1. What does the helix-only formula give at 222 nm for the chain: each DSSP H stretch with n ≥ 4 adding -39500 (n - 2.57), the total divided by the residues, and the result rounded to the nearest 500 deg cm²/dmol?
2. What's the magnitude of the charge dipole for the chain around its Cα centre, counting Lys and Arg as +1 and Asp and Glu as -1 at the beta-carbon? Answer in Debye, nearest 20.
3. Quote the FRET efficiency, to the nearest 0.05, computed for Ser45 versus Asp259 with a Förster distance R0 of 22 Å and r equal to the Cβ-Cβ distance.
4. For the full complex of protein chains and a 1.4 angstrom probe, list Ser145, Ser35, Ser89 by accessible area with the highest value first.
5. Once both labels are modelled 7 Å past Cα along the beta-carbon direction, what's the Asp238-Lys17 spacing in nm?
6. With a 1.4 Å probe and every protein chain left in place, work out the accessible area per residue of the chain in Å², rounded to a whole number.
7. Determine the gain in length on full extension of the stretch Glu106-Asp197; use 0.36 nm per residue of separation and subtract their C-alpha separation, reporting nm with one decimal.
8. Would you check the accessible area of Val248, probe 1.4 Å, heavy atoms only, in square angstrom rounded to 10?
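The values are calculated or read from the model by the stated rules, or taken from the named source; none is laboratory data. This one's a predicted model, so the numbers in the text were calculated from it and none came from an experiment. Note that each Cβ is placed from the backbone with ideal geometry, even for glycine, and that neighbours are counted across all protein chains shown. These area figures cover heavy atoms from the full protein model, side chains too; ligands, DNA and RNA do not enter into them. Shrake-Rupley method; radii C 1.70, N 1.55, O 1.52, S 1.80 Å.
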Amino acid sequence: MSFFHNLIVLLVELMPKSLVGFFARKYIAGETLDSAVNLVKEFNSKGIYATLDVLGESIKNELEAGFAFNKAMKVFDAIVENKLLANLSVKPTQLGLAINEVLAYEHILKLVKRANEIDNFVRIDMEDSPYTDATIDIYKKIFESYNNVGIVLQAYLKRTYNDTILLNKLGTDYRLCKGIYIEPVSIAYKSKQSIRDNFVKVLETMLKNGNYVGIATHDEYLVNEAYRLIRELNIPKDKFEFQMLLGVQEELRDKIKNDGYKIRVYVPFGKDWYPYSIRRLKENPQIAWDIVKNIFSFKK
Ligand SMILES: Cc1cc2nc3c(=O)[nH]c(=O)nc-3n(C[C@H](O)[C@H](O)[C@H](O)COP(=O)(O)OP(=O)(O)OC[C@H]3O[C@@H](n4cnc5c(N)ncnc54)[C@H](O)[C@@H]3O)c2cc1C
């Protein structure tokens with residue numbers, strides 16, 4: 001990250017929450033489940049799938065984990081009622097992983113069971129590295145009884161190739177992404193190209209083994225590399241999909257759709273939109289720069 005980008009990120013963190021909300025609104029479906037449902041209906045009408053995420057991550061106690069679990073359960077009711085082409089993504093720490101691993105496991109298990117009843121699917125998001133092992137363990141334990149659950153692997157982690165070799169043996173349904181948390185150089189690739197190279201290497205292994213992969217990236221280079229692998233390895237269309245975050249690289253999203261590939265948009269919603277929005281804004285220096293310019297024009 002350049003000095004300039006660092007400076008902008010610092011300014012974004014200092015800005016008022018209302019201003020962050022104003023600029024981040026394209027990344028969030030709104031504060032309520034209804035607003036997310038309406039957006040998903042719009043996507044579905046264009047042939048685009050969704051995965052719904054109830055925002056919120058650092059919960060402080062088991063009670064809050066229970067609230068998060070209840071909100072996630074309601075997503076399935078909305079999916080059924082509205083016949084949405086959507087599934088659910090969950091963050092293990094939101095469901096209690098940082099305070100009680102068994103509780104998080106039980107919450108995710110119940111969500112997977114409910115999803116199974118309605119022929120739906122739960123994607124377990126991957127958070128920062130202190131939780132990687134526990135998240136994989138929860139996934140593996142649930143997968144022993146249910147196959148409508150999948151996991152996320154992050155190409156920036158050096159361990160990911162080995163995790164893939166092991167998880168391939170189970171027939172894992174993956175989402176592969178670069179990874180969004182700040183990790184130490186001892187365990188993570190840092191340069192743009194080394195992360196991309198690992199992404200391609202891991203993706204190739206997943207696809208060659210016949211696993212289903214959600215290819216989650218807005219990086220045109222990686223989309224093109226995925227196209228190449230799909231072509232060269234002759235991967236059938238029911239073995240992968242592309243995935244993107246709401247509000248990001250919409251032109252590329254439409255291109256993938258027009259090229260005839262399945263695409264799913266990650267649709268976050270809920271009252272706890274602030275940390276998610278800050279992460280999105282930090283990722284895109286151009287938006288962050290626009291915000292900084294706006295801050296100064298506000299002051300005039
Ligand atoms: C569906 C989905 C689910 C994800 N789940 C997880 C997860 O479980 N765990 C995890 O660690 N990470 C997750 N991520 C985030 C991911 O790890 C990356 O941090 C993020 O996707 C950026 O990497 P990129 O491959 O898009 O490449 P980048 O090189 O970061 O982005 C490529 C281009 O996309 C554009 N772009 C990227 N981000 C933004 C933005 N915020 N706003 C506007 N434009 C942008 C920029 O033009 C950039 O040049 C997920 C991403 C997606 C798409």
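1. Values: 12 runs with 155 residues, N = 300.
Result for the chain: -16500 deg cm²/dmol, rounded to the nearest 500.
2. Once rounded to the nearest 20, the dipole reads 620 debye.
3. The pair Ser45/Asp259 has a calculated efficiency of 0.65.
4. Details: Ser145 85, Ser35 35, Ser89 0 Å².
Result of the area sort, largest leading: Ser145, Ser35, Ser89.
5. The modelled label-to-label distance comes out at 4.7 nm.
6. Working: 14360 Å² over 300 residues.
Per-residue accessible area for the chain comes out at 48 Å².
7. Residue separation times 0.36 nm, minus the Cα-Cα distance, leaves 29.1 nm.
8. 30 Å²
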